[in-house]
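Down below is the structure, laid out as structure tokens.
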Amino acid sequence: MHLKLKKNKLFLTGDIKIGKSTVLKRILNDPYFNGKVVMGLKTVPILADWDVLGYQLSSLSGEKAMEFARVGDQGVEKFNKYSVDSAVFDMLGVELLSDAMAHADVIVIDEVGIMEKNASVFRNCLKRCLESERMMIGVFQRRAHWFLEIIKHRVDVRTLEITLENRGNAHLTVLNWLKNSNIEKIS
């Protein structure tokens, strides 16, 4: 007997500002997802006159949000120019992912990066999402980090690198995978 592995986890990766989140939005706006419960989280930049002052973690709908990074030295954790509060991932991130695991057909994460490297409760929750039967579509940074490498090298995860050359039609590639490949179709 041969068991066919379901690759029902898909992550987009690529350079910063290449369009990963835009491709994800195009995928989720396709009629394929009509009638499906899509839940999860996203990171949203906090802007002032086009300058990024920080980031917040938000539900996909934007109803729940908390700041987790801000330019400056006010936090305990530091990443480049940002002070990071990884407890936001351990609180709100876990809440959003747990709700998605309980109620969603599709779990969305936009994006997994390295600012949450010290959020062990969040990482464990994300691991449970990856181990679940739920379809998952997400974005992760291309930067090297051990946790991102674990996600990328899981046998049930498919990745697509977004480039300047493919970003205009990458959503069609993903939708083709969803409709015609061994990525589980949502009932």
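The values are calculated or read from the model by the stated rules, or taken from the named source; none is laboratory data. On a predicted model such as this, the values are computed, not experimentally measured, just so you know. Because the Cβ atoms are built from the backbone with ideal geometry, glycine has one as well, and the counts that use them run over all protein chains shown.
Things to note:
- Note on region 91-126: among residues that are of a type in the set (D, E, K, R) and either in a loop (DSSP other than H, G, I, E, B) or farther than 14 Å from Gly40 by Cα (or both), the one that is modelled with the lowest pLDDT is Lys117.
- All told, Ser61 meets the bar of being at pLDDT 90 or above and exposed (fewer than 14 other Cβ atoms within 10 Å of the Cβ).
- Pairs where the first residue, in region 17-37, is farther than 13 Å from Val108 by Cα and the second is of a type in the set (A, V, I, L, M, F, W, C) and surrounded by fewer than 18 Cβ atoms within 10 Å (Cβ to Cβ), C-beta under 8 Å, 6+ apart: Ile18/Leu164; Asp30/Leu175; Tyr32/Leu175
- Selected residue (criterion: farthest from the chain's Cα centre (by Cα)) from residues of region 153-168 that are loosely packed, with under 14 Cβ neighbours inside 10 Å and either free of Cβ contacts under 8 Å to residues at least 24 places away in the same chain or part of a helix (DSSP H, G or I) (or both): Glu165
- Any hit, region 6-23, residues being modelled with pLDDT under 95, part of a loop (DSSP other than H, G, I, E, B), in contact with an Asp or Glu (Cβ under 7 Å, 6 or more places away or on another chain) and buried (at least 18 other Cβ atoms within 10 Å of the Cβ): yes
- Selection from region 97-109 of residues that are over 19 Å from Gln141 (Cβ atoms) and buried (at least 17 other Cβ atoms within 10 Å of the Cβ): Ala100, Met101, Ala104, Val106
- Taking every residue in region 102-128 that is closer than 19 Å to Val84 by Cα and pairing it with any residue that is part of a loop (DSSP other than H, G, I, E, B) and among the polar types (S, T, N, Q), at least 6 positions away or on another chain, the pairs with Cβ-Cβ distances below 7 Å are Glu111/Gln141; Gly113/Gln141; Ile114/Gln141; Glu116/Ser86; Asn118/Ser86; Ala119/Ser86.
- Set side by side, the residues Asp90, Asp85, Asp49 differ, and just one is crowded, with 20+ Cβ neighbours inside 10 Å, over 15 Å from the mean Cα position of the chain (by Cα) and farther than 21 Å from Val38 by Cβ, which is Asp85.
- Pick from region 127-141, criterion surrounded by fewer than 17 Cβ atoms within 10 Å (Cβ to Cβ) and assigned to a loop (DSSP other than H, G, I, E, B), ranking: modelled with the highest pLDDT: Ser132
- When region 57-82 is filtered for residues that are free of Cβ contacts under 8 Å to residues at least 24 places away in the same chain, out of contact with any Ser or Thr (no Cβ under 9 Å at 6 or more places or on another chain) and small (Gly, Ala, Ser), the ones remaining, listed by number, are Ser61, Gly62.
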